[in-house]
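First up is the structure itself, then whatever we jot down about it.
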Amino acid sequence: MEIRVNFNEKLSKLNDEIIKMGVLVEEALDKAMDSLINLDEDLANQVIAEDEFVNNLEINIEDHCILLIAREQPVASDLRYLVTALKISTQLERMGDHAVHIAKGTIRLKSNNGTDSIPLFGMQEMAGRVKSMLQRVLTAYVQCDAEEAKNIALLDAEVDRIHDEVIREVFSKFMSTSNDQQKATTLLFIDRFLERFGDHITNICEWIVYSVTGEHVELD
């Protein structure tokens with residue numbers, strides 16, 4: 001019994017690291033979107049610099065999982081949980097990269113557009129939706145809630161719908177001049193990075209289902 005209690009304490013510490021990484025990614029998304037809305041180059045550079053913290057946490061989580069697998073020889077359900085933690089850290093790291101790409105898009109737009117505001121169409125709504133999905137999916141992981149994971153994955157369809165609408169609106173608004181086309185290209189990339197947030201969260205949902213049930217599913 002004491003061995004199991006000790007293992008559960010180590011899993012709890014691992015969960016804390018996953019949640020911390022998720023919070024950092026959420027903050028990176030918030031800052032990246034704020035930098036975009038306000039064309040704030042300083043804030044965009046802050047997002048880029050702070051990505052190192054997300055990357056370091058991914059390494060820590062990987063090391064933590066590998067040590068637990070090697071030393072604790074977990075049973076099947078615990079092993080699935082640890083594999084899922086590894087997969088989640090990878091997905092979170094990629095989301096952090098997408099926040100960095102949004103920040104870099106801000107810098108390009110500021111360079112090409114000065115201080116003039118740029119319409120973002122539905123991108124702020126997309127960011128809000130993926131942020132909510134991220135918060136929910138981290139809770140679903142900690143609580144081993146496969147049904148909640150499936151429900152969260154369904155929300156990605158709305159993110160995809162907004163993504164498609166943004167594409168149409170960008171093409172309609174920004175295709176008349178060379179400068180407009182540069183703006184359009186940057187905005188389309190940002191739109192794609194936001195859409196990818198939803199895809200990575202869906203991937204996390206699939207791994208949560210695997211962790212709980214042992215079944216590989218496709219939720220997209």
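The values are calculated or read from the model by the stated rules, or taken from the named source; none is laboratory data. Fair warning: this is a prediction, and the values are worked out from it, not measured in the lab. No Cβ is skipped: glycine too gets one built from the backbone with ideal geometry, and neighbour counts run over all protein chains shown.
Give me the pairs, please: first residue somewhere in region 91-107 and within 12 Å of Glu50 (Cβ to Cβ), second residue anywhere and surrounded by 20 or more Cβ atoms within 10 Å (Cβ to Cβ) and not hydrophobic (A, V, I, L, M, F, W, C), beta-carbon distance under 7 Å, and either six or more positions apart or on two chains.
What qualifies is Ala103/Ser35.
Could you list all residues from region 119-145 that are among the small types (Gly, Ala, Ser) and in contact (Cβ under 8 Å) with a residue 24 or more places away in the chain? Break it down into steps so the answer makes sense when it comes.
Of the residues in region 119-145, the ones among the small types (Gly, Ala, Ser) are 122, 127-128, 132, 140.
Answer for region 119-145, where residues must be among the small types (Gly, Ala, Ser) and in contact (Cβ under 8 Å) with a residue 24 or more places away in the chain: Gly122, Ala127, Ala140.
Given the criteria in contact with a Lys or Arg (Cβ under 7 Å, 6 or more places away or on another chain) and touching a residue at least 60 places away in the same chain (Cβ under 8 Å), does Glu26 qualify?
Numbers: in contact with a Lys or Arg (Cβ under 7 Å, 6 or more places away or on another chain): yes; touching a residue at least 60 places away in the same chain (Cβ under 8 Å): yes.
Yes; evaluated as a whole, the condition is true for this residue.
Here is a check on your reading of the model: is Val83 under 22 Å from Glu195 (Cβ atoms) and surrounded by 13 or more Cβ atoms within 10 Å (Cβ to Cβ)?
no
Quick check, is Leu57 more than 25 Å from Cys144 (Cβ to Cβ) and touching a helix residue (DSSP H, G or I) at 6+ places or on another chain (Cβ under 9 Å)?
no
Output the number of residues of region 64-81 satisfying the condition of being in contact (Cβ under 8 Å) with a residue 24 or more places away in the chain, closer than 15 Å to Cys144 by Cα and not hydroxyl-bearing (Ser, Thr, Tyr).
Count: 3.
Per-residue answers, yes or no, for (1) among the charged types (D, E, K, R); (2) at pLDDT below 95; (3) surrounded by 20 or more Cβ atoms within 10 Å (Cβ to Cβ):
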{"residue": "Ala99", "(1), (2), (3)": "no, no, yes"}
{"residue": "Ala103", "(1), (2), (3)": "no, no, yes"}
{"residue": "Leu109", "(1), (2), (3)": "no, yes, yes"}
{"residue": "Asp116", "(1), (2), (3)": "yes, yes, no"}
{"residue": "Glu148", "(1), (2), (3)": "yes, no, no"}
{"residue": "Leu154", "(1), (2), (3)": "no, no, no"}
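Restricted to region 161-175, and to residues that are of a type outside the set (A, V, I, L, M) and surrounded by 14 or more Cβ atoms within 10 Å (Cβ to Cβ), which residue is modelled with the lowest pLDDT? It would help to see each step written out before you state the result.
Step one: of region 161-175, the residues of a type outside the set (A, V, I, L, M) are 161, 163-165, 168-169, 171-174.
Keeping just the survivors that are surrounded by 14 or more Cβ atoms within 10 Å (Cβ to Cβ) gives 163, 165, 169, 173-174.
Values: His163: 97, Glu165: 96, Glu169: 92, Lys173: 85, Phe174: 81.
My answer is Phe174.
Scan region 171-181 and tell me whether some residue there is more than 23 Å from Glu58 (Cα to Cα) and in contact (Cβ under 8 Å) with a residue 24 or more places away in the chain. Don't jump to the end; show me each part of the working.
So the first thing to find is which residues in region 171-181 are more than 23 Å from Glu58 (Cα to Cα), and the list is 171-181.
Narrowing the set further to residues that are in contact (Cβ under 8 Å) with a residue 24 or more places away in the chain leaves 173, 179.
Checking region 171-181: at least one residue is more than 23 Å from Glu58 (Cα to Cα) and in contact (Cβ under 8 Å) with a residue 24 or more places away in the chain.
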